[in-house]
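Taking it in order: structure first as C-alpha cells, then the write-up.
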Amino acid sequence: MYDEKSQYIGRLLFLLDSLLTLLSLITAYTISHRLFESQQQPLYYYLAVFVLLWAPLGYFLLRFGAYHGLRILSLPSFAWRVTKALSISLGIVFTILFLLNVDMLSRSVLITFSVLELVALIGVRAALHWWYFLRFAQKGVNYLKVIIIGTGNRAEKLAKTLKQHLEWGVHIVGHLDTDPSKVGQTVDGAPVLGTVDSISKILNDQVIDEVIMAVPRSMISDVEGIVDACEEEGVKFRWMADMFDLRIARMRLVECGDIPILTFEPVAQSEVKLMIKRIFDLFMVLLALPIILPIFVLIAIAIKLDSPGPVFFVQQRVGLRKRLFPLLKFRSMHVDADEKIKDLEHLNEADGPIFKIKNDPRVTRVGKIIRKTSMDELPQLLNVIRGQMSLVGPRPMSIRDVNLFDKGIQRKRFSVRPGITCIWQVSGRSNLPFEKWLELDLEYIDNWSLSLDFKILLKTIPAVLRGSGAT
C-alpha cells in the first residue's frame, strides 16, 4: 500500500551505494599511490574495474534485500549481507580478470578498496538508520496520521505491518468498530476511539490524513457512510482488498476506460521476465538448430525404413489457458496406435488420468530407441518457435487425460505455457505417480523464476542421457 515509499528510498540507497563504491575505489587508488606504490596504472584502469564490479555488486545487494527500504535490520545482519555481496562480486571480477589475463591492477588498491567499501556501505547505512529513526522518525515529523476501521485479525495485522515499516512514516491514531463494547480497548497499542457512526465527529475534531478500511465483507454496507465522511473532510480513504481471503499470487488495480477493476491473478509472473524467457527460448532453439537438423534427417529416415506411415505424430494437446495446439513428435508407434488405446486401457500402469504401458505393443523398433533417449520430443522445438510451448514448463496433456482430471486445482497448470521439460523430467519422469507429477508442476508454477528454468535445463541433460523413467 505504502510500498512506493520503500521503492523510492530503495532507489536512493542504490544511487548512494553506487557513489560510495566509486569514491571508495578512487580513495583506495589515492592512498595506494601515495603510501605504497609510486608507479602504477592510471586511474581510468580502475574506473573500468568499477563498472565491472558494480554490476554484480548492485545485483547481489538487491538480491540480498539491501534496498527494500530502511526496514528495521540489525547492524550485524546488514553487515553480513554487504559482506556476502562484496565477496561474491570480487570473486567474479577476479575470475574475469584472470580469464582475460589482466595482471596490471595493484593488489594494494584492491585490498584497500575492499576495506573502504565495507566501512563505507555499513557505516553510512548505520548513520542513516540512527539519524532517520532516532532523530527524525521518533519525533513524528511529517507523520501520516491514520485511523483504521476494524479491530479484528485483519486490522491488527495491518497495524503491525504499518509499525514495522517506519520509513512509511505512519502513526496510527486509533481504531473504529461497529461494536460499542470495544470502545476504550486497544489494538496493538492503539486505542479504539469510538464506533463507525462517530467517524464524522472524529475526523472533524482531530488531524487525520487517511482512513483505512480493514473489516470483513459483512461491513460492506457501512462503507458508503465512511467514504462520504472522508470526502467531506478531505481525508484519503483506503480499503484492504484481501477481504475475500483468497490464496492468490498477485492482486492489482487496472482501469477499463474510467472504470477501476480489481484483478486477482492466481500466478504472479512478470511480463518483463516472461519476455526474457521467450527470447531465451528462441535463442537456444536457433543456436541448437545446426546440430539438431542432421539428427532430424537421420531419425526421419529411420522411421520411414522401420514402419509405414508419416514421420511425425501430430496430436491436439491442451496448452496455455486451455487453448488447443498441435503437438509435434517423431512417430514412435504404429499408425493405428490411437485406435488400439481403448483395447489396452486395462493394461494401463499409470496412476491418475494418464496412459502408460512399460512394454507398449504399439511402439515400433525405432520408436523404442527414440523414446528411451527422448529424441521423439525433438520436433517440439518447432512448437517452441511457434510460441505454443516453452523449453521449460508443465508437460502439455492430451484431451483424454485432461477430461479425466478429478480436482479443480489440477487445471492451474494451464495458467502457464507448457514446456518440453520441467521438474518432473529431472525427478523420475514416468516413474512418478500422477499425484507427484502434478505436485511438481504446481511447485514449478508457484516458484517460477528464470534461474529455476536454467537449473532445470542443466539437470535435464544428464536425466535424458541416463534415460531414467523414459517409456
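In summary, Ile276 fulfils each of the numbered conditions (1) more than 30 Å from Thr195 (Cα to Cα); (2) modelled with pLDDT under 85; (3) in contact with a helix residue (DSSP H, G or I) (Cβ under 8 Å, 6 or more places away or on another chain) with the single exception of condition (2). Among the numbered conditions (1) touching a Leu at 6+ places or on another chain (Cβ under 9 Å); (2) outside any strand (DSSP E or B); (3) at pLDDT 85 or above; (4) not acidic (Asp, Glu), tell me where Ile148 comes up short. Checking Ile148 against (1) touching a Leu at 6+ places or on another chain (Cβ under 9 Å); (2) outside any strand (DSSP E or B); (3) at pLDDT 85 or above; (4) not acidic (Asp, Glu), the one that fails is (2). Does the stretch 235-248 include one or more residues that are at pLDDT below 85, part of a loop (DSSP other than H, G, I, E, B) and surrounded by 16 or more Cβ atoms within 10 Å (Cβ to Cβ)? Scanning the stretch 235-248 turns up at least one residue that is at pLDDT below 85, part of a loop (DSSP other than H, G, I, E, B) and surrounded by 16 or more Cβ atoms within 10 Å (Cβ to Cβ).
Only one entry in Ser38, Ser18 is modelled with pLDDT under 75 and polar (S, T, N, Q), namely Ser38. The residue that is modelled with the highest pLDDT, among those in the stretch 183-222 that are in a helix (DSSP H, G or I) and closer than 16 Å to Gly152 by Cβ, is Val196. Scoring Phe283 on the criteria (1) surrounded by 14 or more Cβ atoms within 10 Å (Cβ to Cβ); (2) modelled with pLDDT of 90 or more; (3) under 36 Å from the mean Cα position of the chain (by Cα) leaves a single failure, condition (1). The set of residues from the stretch 100-121 being at pLDDT 75 or above and not hydroxyl-bearing (Ser, Thr, Tyr) comprises Val109, Leu110, Ile111, Phe113, Val115, Leu116, Glu117, Leu118, Val119, Ala120, Leu121.
For Leu57, state whether it is aliphatic (A, V, I, L, M), within 24 Å of the chain's Cα centre (by Cα), surrounded by 13 or more Cβ atoms within 10 Å (Cβ to Cβ) and modelled with pLDDT of 70 or more.
Details: aliphatic (A, V, I, L, M): yes; within 24 Å of the chain's Cα centre (by Cα): yes; surrounded by 13 or more Cβ atoms within 10 Å (Cβ to Cβ): yes; modelled with pLDDT of 70 or more: yes.
Yes.
Could you list, in sequence order, all residues of the stretch 381-396 that are within 27 Å of Ala302 (Cα to Cα) and buried (at least 19 other Cβ atoms within 10 Å of the Cβ)?
First pass over the stretch 381-396, keeping only residues within 27 Å of Ala302 (Cα to Cα): 381-386, 389, 391, 395-396.
Scanning the stretch 381-396 gives Leu381, Asn383, Val384, Met389, Leu391, Arg395, Pro396.
Could you tell me how many of the residues in the stretch 294-333 are on the phi > 0 side of the Ramachandran plot and surrounded by fewer than 15 Cβ atoms within 10 Å (Cβ to Cβ)?
So the count comes out to 2.
Only one of the numbered conditions (1) modelled with pLDDT of 90 or more; (2) closer than 14 Å to Lys329 by Cα is violated by Arg365, and that is (2). For the stretch 287-333, the candidate set comprises residues that are part of a helix (DSSP H, G or I) and of a type in the set (Gly, Ala, Ser); within that set, the residue that is nearest to Asp376 (Cα to Cα) is Ala300.
The values are calculated or read from the model by the stated rules, or taken from the named source; none is laboratory data. These numbers come from a predicted model, not from an experiment. Glycine gets a Cβ as well: all are built from the backbone with ideal geometry, and neighbour counts include every protein chain shown.
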